[in-house]
Amino acid sequence: MAYKILAINPGSTSTKVSLANDDQPVFVADIAHTREELSAFKRISDQYHFRKQLVIDELRKRNIPLDFDAVIGRGGLAKPVPSGVFTITEKMIIDQRQAIHQHACDLGCMIADEIARDIPGCRSFIADPGVVDEMEPEAHISGSPLMPRICIWHALNQKAIGRRFAHDMGTTYEKLCLIICHLGGGISIAAHDHGRAIDANNALDGEGPFSPERAGSLPAADLIHLCFSGKYTEDQLLRKVSGQAGLTAHLGTNDLREIINWIKAGDKHAESVVAAMIWHIAKNIVAEAAVLYGKVDAILLTGGMARSEYVIERLKRRISFLAPVYVYPGQDEMQALTENALAVLRGERRTMEY
């Protein structure tokens, strides 16, 4: 009999839900949330019951009984962990609630665990959360011992895309040196060295290129001056780094399709801002080649913005000299979650200890 696996992936503006029999999808749903809906909640943790109920309602709407072999959620940002699949524990849930970095993905393990608890024999997991840390020691050291580098990145999707590319090439992820760039509301770029991401940026709130919603790296002294200007509260400044930054700050929207339509209509300001974003993405991609000693088998571009021919065409012009460029539009997170849970249920992979 096939294993029934429910996957839950809470994101900034939607909650994705999927059901699979083994690795064959039964359905995938993307439940969108408006800003008005989410603004009713002061903290992300306050959205828990709202999002869980939406998952339950989606299952009821499809007449799917609560009878699964595993429920797997997108992992949160509690603390650095190695790559792998983790059984959800009470300690993990407590850490998520107390984590410094808050993101909707933190709700994934909580929702998955509560649904699984009421189902006899059902197991609950997370896999490759955004705080997977495989970086070399040198990568953690910044110019100030007060502020070591951390990585918060799209580990789940990047690992899945790396494995898919390797399969397409008739080899394994562990045999390749890759630079993978996830192009979404946040942008993460990582150097993958034979199965380990030895360097990656903090794509949530502090490093790398600016994106539709993130400021990326900023001039440090200017940021300090802004902090002491008295013009903004701490919360307002944090939003100006993550959420109300990047394209949103420059152009008033994070909708790249709308912005490109403006460019096609002759908007020179929008054109220059998008060109700058592509400039900085390219610069950061090529920089990762240094930690791989220039030995790069391929550059993989993924995430929602990878669907944009406008962006991808211009980005390729700047990076294709380095290595062959392959594009995997969108993200593979729901399938990746399912495959990780399935590997554990089949005994092909052991769970990691949190």
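Brief remarks follow.
- Matching option when the condition is in contact with a strand residue (DSSP E or B) (Cβ under 8 Å, 6 or more places away or on another chain) and not hydrophobic (A, V, I, L, M, F, W, C), among Gly108, Gly121, Gly170: Gly108
- Residue match in the stretch 346-353 (condition: open to solvent by less than 80 Å² (accessible area, probe 1.4 Å) and more than 22 Å from the chain's Cα centre (by Cα)): yes
- Among residues that are assigned to a helix (DSSP H, G or I), more than 29 Å from Ala127 (Cα to Cα), touching a strand residue (DSSP E or B) at 6+ places or on another chain (Cβ under 8 Å) and open to solvent by 50 Å² or more (accessible area, probe 1.4 Å), Lys316 is included.
- Flag set for Leu300, criterion: in contact (Cβ under 8 Å) with a residue 12 or more places away in the chain and outside any helix (DSSP H, G or I).
- Residues in the stretch 80-87 include at least one that is touching an Asp or Glu at 6+ places or on another chain (Cβ under 6 Å), open to solvent by 60 Å² or more (accessible area, probe 1.4 Å) and not small (Gly, Ala, Ser).
- Among the residues listed as Gly185, Gly206, the single one being within 15 Å of the chain's Cα centre (by Cα), small (Gly, Ala, Ser), open to solvent by 10 Å² or more (accessible area, probe 1.4 Å) and more than 22 Å from Ile312 (Cβ to Cβ): Gly206
- Yes/no for Ala116 being touching a strand residue (DSSP E or B) at 6+ places or on another chain (Cβ under 8 Å), assigned to a helix (DSSP H, G or I), among the aliphatic types (A, V, I, L, M) and at negative phi: yes
- Residues of the stretch 13-28 satisfying the condition of being under 15 Å from Lys52 (Cα atoms) and either open to solvent by 10 Å² or more (accessible area, probe 1.4 Å) or polar (S, T, N, Q) (or both): Thr13, Ser14, Thr15, Lys16, Ser18
- Residue satisfying all of: in the stretch 119-135; touching a residue at least 60 places away in the same chain (Cβ under 8 Å) and not in a loop (DSSP other than H, G, I, E, B); most open to solvent (accessible area, probe 1.4 Å) among these: Arg123
- Only residues that are assigned to a loop (DSSP other than H, G, I, E, B) and either surrounded by 12 or more Cβ atoms within 10 Å (Cβ to Cβ) or in contact with a His (Cβ under 8 Å, 6 or more places away or on another chain) (or both) were counted in the stretch 55-71, giving 5.
- Every residue from the stretch 98-118 that is open to solvent by 10 Å² or more (accessible area, probe 1.4 Å), without any contact (Cβ under 8 Å) to a residue 60 or more places away in the chain and not basic (Lys, Arg): Gln98, Ala99, Ile100, Gln102, Asp113, Asp118
- Among the candidates His167, His154, His194, the residue that is over 20 Å from the mean Cα position of the chain (by Cα) and within 18 Å of Thr302 (Cα to Cα) is uniquely His167.
- Per-region count, the stretch 151-171, residues open to solvent by less than 70 Å² (accessible area, probe 1.4 Å) and either part of a strand (DSSP E or B) or touching a residue at least 12 places away in the same chain (Cβ under 8 Å) (or both): 13
The values are calculated or read from the model by the stated rules, or taken from the named source; none is laboratory data. This structure is a prediction, so every number in the text was calculated from the model and none was measured. Please note: Cβ atoms are built from the backbone with ideal geometry, for glycine as well, and neighbour counts cover all protein chains shown. Side chains included, ligands, DNA and RNA excluded: accessible areas come from the protein's heavy atoms. Shrake-Rupley method; radii C 1.70, N 1.55, O 1.52, S 1.80 Å.
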